[in-house]
Amino acid sequence: MDNFAEQLVKRSETSADKTRRILTLAVGVLFTFSLTGLALLQLTRPLMALLGFLLAVAAGYGTYFLVQNSYVEYEYTFTNGELDVDKIIAKRKRSGMITADIKKFTAFGKYTDGMEETDDMTVVIASDNIASHEYYADFEHEEYGTTRLIFAPDERILENIKRALPTRLKYESRD
């Protein structure tokens, strides 16, 4: 029987994220209108006016693109002892972040701030930024070496992970 579970996690925005988005929008709109104004001043020279309008359109699109790409979600997919984590940007672009074999976990549990990380460790953060329910998993990854995954699984994903853990970790991770 296949074990399968999926979860979609929306990253919570910090005040820094909101500030960055507002500043990007403000600078982008200002730049777009400035280029449009310059293009209107150059109407006597059609080539310069066209160039100004094209640059204004590019600045407007660039602003839209940057603001939209600040919306991030993560999808966790558990299938038969394997956890896939994908990053979804603006509900349009999906990219695979990491795939982990649960049997290769060397540590697993609740994540707390200040947990020790080694210099050679790759940290993959795929969480909703709410520390109260974050978990971590340490494992060896073929591409990244020693890896720590920080994520926020729901009860269904967590239950599947706990069932697939190596025996020694099953007893350590009991809550």
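Within region 38-81, which residues are closer than 25 Å to THR19 by Cβ, part of a strand (DSSP E or B) and hydrophobic (A, V, I, L, M, F, W, C)?
Residue satisfying the conditions is VAL72 alone.
If I ask for residues that are farther than 22 Å from SER12 by Cβ and in contact with a His (Cβ under 9 Å, 6 or more places away or on another chain), which ones from region 66-100 would you list?
Scanning region 66-100 gives THR99, ALA100.
For region 2-20, name all the residues that are open to solvent by 80 Å² or more (accessible area, probe 1.4 Å) and more than 21 Å from PRO153 (Cβ to Cβ).
SER15, LYS18, ARG20 - these are the residues of region 2-20 that are open to solvent by 80 Å² or more (accessible area, probe 1.4 Å) and more than 21 Å from PRO153 (Cβ to Cβ).
Out of LEU66, LEU55, report the one residue that is within 21 Å of the chain's Cα centre (by Cα), over 30 Å from ALA137 (Cβ atoms) and of a type in the set (A, V, I, L, M).
Values: LEU55 fails: within 21 Å of the chain's Cα centre (by Cα).
Sole residue among the options that is within 21 Å of the chain's Cα centre (by Cα), over 30 Å from ALA137 (Cβ atoms) and of a type in the set (A, V, I, L, M): LEU66.
Are there any pairs, at least 6 apart or on different chains, whose C-beta atoms fall under 7 Å, with the first in region 114-135 and farther than 18 Å from ILE161 by Cα and the second in a strand (DSSP E or B) and hydrophobic (A, V, I, L, M, F, W, C), and if so, which?
GLU117/VAL123; VAL123/ILE150; ASP128/VAL9
Against the condition in contact with a Leu (Cβ under 7 Å, 6 or more places away or on another chain) and within 12 Å of GLY28 (Cβ to Cβ), how does ALA59 come out, does it pass? Please lay out each step first, then the result.
Working: in contact with a Leu (Cβ under 7 Å, 6 or more places away or on another chain): yes; within 12 Å of GLY28 (Cβ to Cβ): yes.
When the stated conditions are applied, ALA59 passes them.
In region 1-21, how many are among the polar types (S, T, N, Q) and in contact with a Lys or Arg (Cβ under 8 Å, 6 or more places away or on another chain)? Don't jump to the end; show me each part of the working.
First, the residues of region 1-21 that are among the polar types (S, T, N, Q): 3, 7, 12, 14-15, 19.
Pick out the ones that are also in contact with a Lys or Arg (Cβ under 8 Å, 6 or more places away or on another chain) and you get 3, 7.
Number satisfying all stated conditions: 2.
Name the residues in region 109-130 that are in contact with a strand residue (DSSP E or B) (Cβ under 8 Å, 6 or more places away or on another chain) and closer than 18 Å to VAL9 by Cβ, would you?
Listed by number, the residues that qualify are LYS110, TYR111, VAL123, VAL124, ILE125, ALA126, SER127, ASP128.
Within region 126-160, which residues are open to solvent by 30 Å² or more (accessible area, probe 1.4 Å), at pLDDT 95 or above and among the β-branched types (Val, Ile, Thr)?
THR146 - this is the single residue of region 126-160 that is open to solvent by 30 Å² or more (accessible area, probe 1.4 Å), at pLDDT 95 or above and among the β-branched types (Val, Ile, Thr).
Taking VAL29 as meeting all but one of (1) more than 28 Å from the chain's Cα centre (by Cα); (2) part of a helix (DSSP H, G or I), write down the number of the exception.
So the condition that VAL29 fails would be (1).
What single numbered condition from (1) under 30 Å from THR167 (Cα atoms); (2) open to solvent by less than 20 Å² (accessible area, probe 1.4 Å) fails to hold for THR79?
Condition not satisfied by THR79: (2).
If I filter region 155-175 for residues that are closer than 19 Å to LEU8 by Cβ, charged (D, E, K, R) and in a loop (DSSP other than H, G, I, E, B), do I get at least one hit?
no
Can you find a residue that is within 22 Å of LYS10 (Cα to Cα) and among the β-branched types (Val, Ile, Thr) anywhere in region 131-148?
Looking for residues that are within 22 Å of LYS10 (Cα to Cα) and among the β-branched types (Val, Ile, Thr), one finds none in region 131-148, hence no.
Restricting attention to region 21-71, and to residues there that are open to solvent by less than 30 Å² (accessible area, probe 1.4 Å) and among the hydrophobic types (A, V, I, L, M, F, W, C), which single residue is nearest to ILE88 (Cα to Cα)?
For region 21-71, the residue satisfying everything is VAL67.
Look at ALA100 and say whether it is open to solvent by less than 10 Å² (accessible area, probe 1.4 Å) and touching a residue at least 40 places away in the same chain (Cβ under 8 Å).
Taking the combined requirement at face value, the residue satisfies it.
The values are calculated or read from the model by the stated rules, or taken from the named source; none is laboratory data. Since we're looking at a predicted model, the values are computed, not measured. Glycine gets a Cβ as well: all are built from the backbone with ideal geometry, and neighbour counts include every protein chain shown. Heavy atoms of the whole protein, side chains included, go into the accessibility calculation; ligands, DNA and RNA do not. Shrake-Rupley method; radii C 1.70, N 1.55, O 1.52, S 1.80 Å.
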